[in-house]
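The structure appears below as structure tokens.
The values are calculated or read from the model by the stated rules, or taken from the named source; none is laboratory data. Values in this document were obtained by computation on a predicted structure and should not be read as measured data. Here Cβ is always computed from backbone atoms with ideal geometry, including for glycine, and neighbour counts include all displayed protein chains. Protein only, heavy atoms only, side chains kept; ligands, DNA and RNA dropped before computing areas. Shrake-Rupley method; radii C 1.70, N 1.55, O 1.52, S 1.80 Å.
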Amino acid sequence: MDPIIIQVIIGVIALIVGIIAGKFIFAKNTRKQVEEAELQSQSILKEAEIRAETLKKEKQLEAKERFVQLKAEHDKEVLDKNRKISEAENRVKQKEISITQKESALEKQIKENDAIKENLNRQIEVVNQKRTELEKHQEEHIRRLEKIAGLTADEARNQLVESLKQEAQTKALSIQQEIIEEAKGKANKEARKIVIQSIQRTAAEVTIENTVTVFNLESDEIKGQIIGREGRNIRAIEAATGVDLIVDDTPEAIILSSFDPLRREIARLALQRLVADGRIHPARIEEVVEKTRRQLEEQVMEIGERTVIELGIHGLHKELVRIVGKMRFRSSYGQNLLMHSRETANLCGIMAAELGLNPKLAKRAGLLHDIGKVPDEETELSHALLGAKLAEKYGENPAVVNAIGAHHDEMEMQYVISPIIQACDAISGARPGARREIMQQYLQRIKDLENLAQGYQGVEKAYAIQAGRELRVIVEADRVTDGDSDKLSFEIAQKIQTEMTYPGQIKVTVIREKRAVNVAR
């Protein structure tokens, strides 16, 4: 055969053999892949079953935890409700005891009134007996006069009437004096009783206001952030709030020093927000301080509303409610002004109720009697007259206005509740440890120092810091130049030196800062 044909036949046979071998190998590989796929599917199914079982157990655990949490909340609510019920029962019991005491007091008073009536009846009987004796004496005297003097009946009657008139006047005066003395003794006894009962029923805590607040830190590393580079952060805080920040070796604490509790509270809340936020720089400090100041105004309003609700006073003007709230951040001779006013209001209500007067009106006057101590702007009027002016401005009852203005004898007392307000104010302030005269003198000196600096033109703010040893004056850059700042500092220092009395020395610092602010839109 031809070699080419032989090669072709061999090639065809080799091709056929290769195709058959390839099909066999392909079939074998396919079976292997199918077996592997089946094994893989079985393992996936097992893993899915295990995961499903795990998820089932986790959900069961979550359900159990949720059940326990709901049960705890339910138990807490039940306990709170039980506590409120027990408190309500205690209040009801106390009211029952108070009513019982009042009933016994009324019964005692009724018995005393009956005794007084019996005494008066006896006195009337005695007077009638004396009148009968006088009539007999008169007839006998007339007969004697007619026999001895030979007088006419008209003449004898005139003489007898004149003598009897003088005798009756003398006896009447003596009886009147006895009744007046007896009434005075009973009145003094009853007055002492009412005052003692009022003091005993109004037991208030005595707290003295401080001039520093301690701000606690989580770590001493935050002190560096508050101080800032070259102290610019702490200077920005002091300039924005008027509070002196004392950073010393005390661990994890910064002391805020200011005579004004409202400024200290603004500085404390602003620092708290800055530390929590972590962004502490001058622009952020001013923004947070301003925001805190606005929110504190809302808090002042809330405190005032809560106070008038607790005292049961209704229809008070919103501005007066705001002034009441501001009392929380003011002190009078070291005594918190809001606590003093609330205590005075409670005492006035009790005394007025004991005397049969309007207790709500007395409470209202007692709460508002010192509103002149928290004015929005300085005035030359005393706090009593200023308070009366504010109360009259916002439509208060004339009795309340008179009580406010007369509680320091600067107005004439025209209503019955006015002396009650005066007495209750004295009782609240006279509690042992309630007031400190030295503290009030110190606060007045600090305020006078700030007012002196604010009297100059171009002064925007003035803050007395470091217990009055430094006066920091912030001026308007557009109205005061650098040269004027030096002159202003010198003039203020000279005026302080000539007009004020103070220990040590006072450093006057005038701060002038020019800012150019634009907004890209």
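See the values below:
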{"item": "Cβ pairs under 7 Å, 6+ apart, first in the stretch 88-111 and at positive phi, second of a type outside the set (D, E, K, R) and assigned to a helix (DSSP H, G or I)", "result": "none"}
{"item": "Of residues in the stretch 331-364 being in a helix (DSSP H, G or I) and of a type in the set (Gly, Ala, Ser), the one surrounded by the fewest Cβ atoms within 10 Å (Cβ to Cβ)", "result": "ALA353"}
{"item": "Residues located in the stretch 504-521, provided they are open to solvent by 100 Å² or more (accessible area, probe 1.4 Å) and within 35 Å of the chain's Cα centre (by Cα)", "result": "LYS507"}
{"item": "Any chance ARG328 is modelled with pLDDT of 85 or more, part of a helix (DSSP H, G or I) and either out of contact with any Leu (no Cβ under 7 Å at 6 or more places or on another chain) or not hydroxyl-bearing (Ser, Thr, Tyr) (or both)", "result": "no"}
{"item": "Index of the failed condition, LEU79 passing every other in (1) of a type in the set (A, V, I, L, M); (2) open to solvent by 90 Å² or more (accessible area, probe 1.4 Å); (3) modelled with pLDDT under 80", "result": "(3)"}
{"item": "Residue among LEU145, LEU151, LEU164 that alone is at pLDDT 70 or above and open to solvent by less than 60 Å² (accessible area, probe 1.4 Å)", "result": "LEU164"}
{"item": "Verdict on GLU412 being surrounded by fewer than 18 Cβ atoms within 10 Å (Cβ to Cβ) and not hydroxyl-bearing (Ser, Thr, Tyr)", "result": "yes"}
{"item": "Test result for GLU65, surrounded by 10 or more Cβ atoms within 10 Å (Cβ to Cβ) and either closer than 30 Å to LEU355 by Cα or at pLDDT 85 or above (or both)", "result": "yes"}
{"item": "ARG264 being within 23 Å of ARG512 (Cβ to Cβ), under 31 Å from the mean Cα position of the chain (by Cα) and not aliphatic (A, V, I, L, M)", "result": "no"}
{"item": "LEU367 vs. criteria open to solvent by less than 60 Å² (accessible area, probe 1.4 Å), touching a residue at least 60 places away in the same chain (Cβ under 8 Å) and assigned to a helix (DSSP H, G or I)", "result": "yes"}
{"item": "Restricting the stretch 473-511 to residues that are touching a strand residue (DSSP E or B) at 6+ places or on another chain (Cβ under 7 Å) and in a loop (DSSP other than H, G, I, E, B), the residue that is farthest from VAL243 (Cα to Cα)", "result": "GLU476"}
{"item": "Filter pass, GLY312 being farther than 18 Å from ARG472 by Cα, in contact (Cβ under 8 Å) with a residue 24 or more places away in the chain and in a loop (DSSP other than H, G, I, E, B)", "result": "yes"}
{"item": "Every residue from the stretch 374-398 that is crowded, with 20+ Cβ neighbours inside 10 Å and in a helix (DSSP H, G or I)", "result": "HIS383, ALA384, GLY387, ALA388, LEU390, ALA391"}
{"item": "The listed residue being loosely packed, with under 12 Cβ neighbours inside 10 Å and at pLDDT 85 or above, out of GLN444, GLN457", "result": "GLN457"}
